[in-house]
């Protein structure tokens, strides 16, 4: 299926914590478990797939290393649902003492098991004995994974980035964008009722913007302390500092080029006022 949205979400600082000490290794493993549980609860409690909707709202999730790919079943006209899910997950992880990064793109995703050699095609549950050893197989692949993973790989920090071609299709009402890149969603301050509803019904953690900011800043100051460039990128994408520039609020259904123009006009107006 082409043009399914995909959320690539992974644990920030996983390898640093895993290699730091036994206690931090446990912390990193618990972070994966927390993310895994949160995705499962969203899929089973809020988007289980119902016959009335021809199961079209169901989700598919696949683990890759320290992260997951969460995919829609079909093409959707915009990424409102994907953004709400990513925001709910990132807020939940932050409130539980972890940090996550999300990237959203679109593409295809297929079962490629039939392309593998015969022993792998016949392997039960994607596991194959190698004498007394074991091989595990990943049987799904597609551009929904590769594009989202590549997009996330180019961003630093605990940020939520959206493929720019998706921004042009319009964003949910209440979205805020603080980062100069223009495709980095303020996942803390954006007002997204769907994200809150997903979190509530899926029994994920909910809190105020101030509490989320406090938790994120606490993470930034905890040992092992993240690099200063990571902290700057993380806090630069959200409205947690009083001195930060005002966020651009995305009106519902308005294309991103118009919003960016509005932001440019606003910035010029501020400079004019300061000069005066």
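Restricting the first residue to region 112-126 and requiring it to be within 17 Å of residue 140 (Cβ to Cβ), which pairs with a second residue that is modelled with pLDDT of 90 or more and loosely packed, with under 11 Cβ neighbours inside 10 Å meet a Cβ separation below 8 Å and a spacing of at least six or different chains?
121/114; 126/136
Given the conditions (1) under 17 Å from the mean Cα position of the chain (by Cα); (2) over 20 Å from residue 12 (Cβ atoms); (3) at pLDDT below 95, which single one is not true for residue 194?
(3)
Could you check region 147-166 and list, in sequence order, the residues that are in contact with a strand residue (DSSP E or B) (Cβ under 7 Å, 6 or more places away or on another chain) and assigned to a helix (DSSP H, G or I)?
Across region 147-166, the qualifying residues are 147, 148, 149, 151, 152, 166.
Conditions: (1) crowded, with 18+ Cβ neighbours inside 10 Å; (2) under 30 Å from residue 76 (Cβ atoms); (3) more than 18 Å from the chain's Cα centre (by Cα); (4) at pLDDT 80 or above. Residue 201 meets all but one. Number of the miss?
(1)
Kindly indicate which of 41, 24 is at pLDDT 95 or above, over 15 Å from the mean Cα position of the chain (by Cα) and closer than 19 Å to residue 199 by Cβ. Write out each step before concluding.
Values: 24 fails: closer than 19 Å to residue 199 by Cβ.
Of 41, 24, the one residue that is at pLDDT 95 or above, over 15 Å from the mean Cα position of the chain (by Cα) and closer than 19 Å to residue 199 by Cβ is 41.
Taking the criterion of being more than 30 Å from residue 13 (Cβ to Cβ), over 27 Å from the mean Cα position of the chain (by Cα), at pLDDT below 95 and in a helix (DSSP H, G or I), would at least one residue in region 125-143 satisfy it?
yes
How many residues are farther than 21 Å from residue 95 by Cβ and either touching a residue at least 40 places away in the same chain (Cβ under 8 Å) or under 17 Å from the mean Cα position of the chain (by Cα) (or both) when one looks only at region 166-180?
First, the residues of region 166-180 that are farther than 21 Å from residue 95 by Cβ: 166-173, 177, 179-180.
Of the ones still in play, those that are also either touching a residue at least 40 places away in the same chain (Cβ under 8 Å) or under 17 Å from the mean Cα position of the chain (by Cα) (or both) are 166-173, 177, 179.
Number satisfying all stated conditions: 10.
Being at pLDDT 85 or above, farther than 12 Å from residue 72 by Cβ and not in a helix (DSSP H, G or I) is the filter here; which residues of region 46-56 pass it?
48, 50
Can you pull out every residue in region 184-214 that is in contact (Cβ under 8 Å) with a residue 40 or more places away in the chain and over 22 Å from residue 36 (Cα atoms)?
184, 185, 186, 189, 190, 192, 211 - these are the residues of region 184-214 that are in contact (Cβ under 8 Å) with a residue 40 or more places away in the chain and over 22 Å from residue 36 (Cα atoms).
Within region 1-26, which residues are assigned to a helix (DSSP H, G or I) and free of Cβ contacts under 8 Å to residues at least 60 places away in the same chain?
Start the filter on region 1-26 by keeping residues that are assigned to a helix (DSSP H, G or I), which leaves 14-18, 22-26.
Within region 1-26, 14, 15, 18, 22, 23, 25, 26 qualify.
The values are calculated or read from the model by the stated rules, or taken from the named source; none is laboratory data. Quick caveat: nothing in here was measured; it's all calculated off a predicted structure. Every residue, glycine as well, gets a Cβ built from its backbone with ideal geometry; the counts of neighbours run over all protein chains shown.
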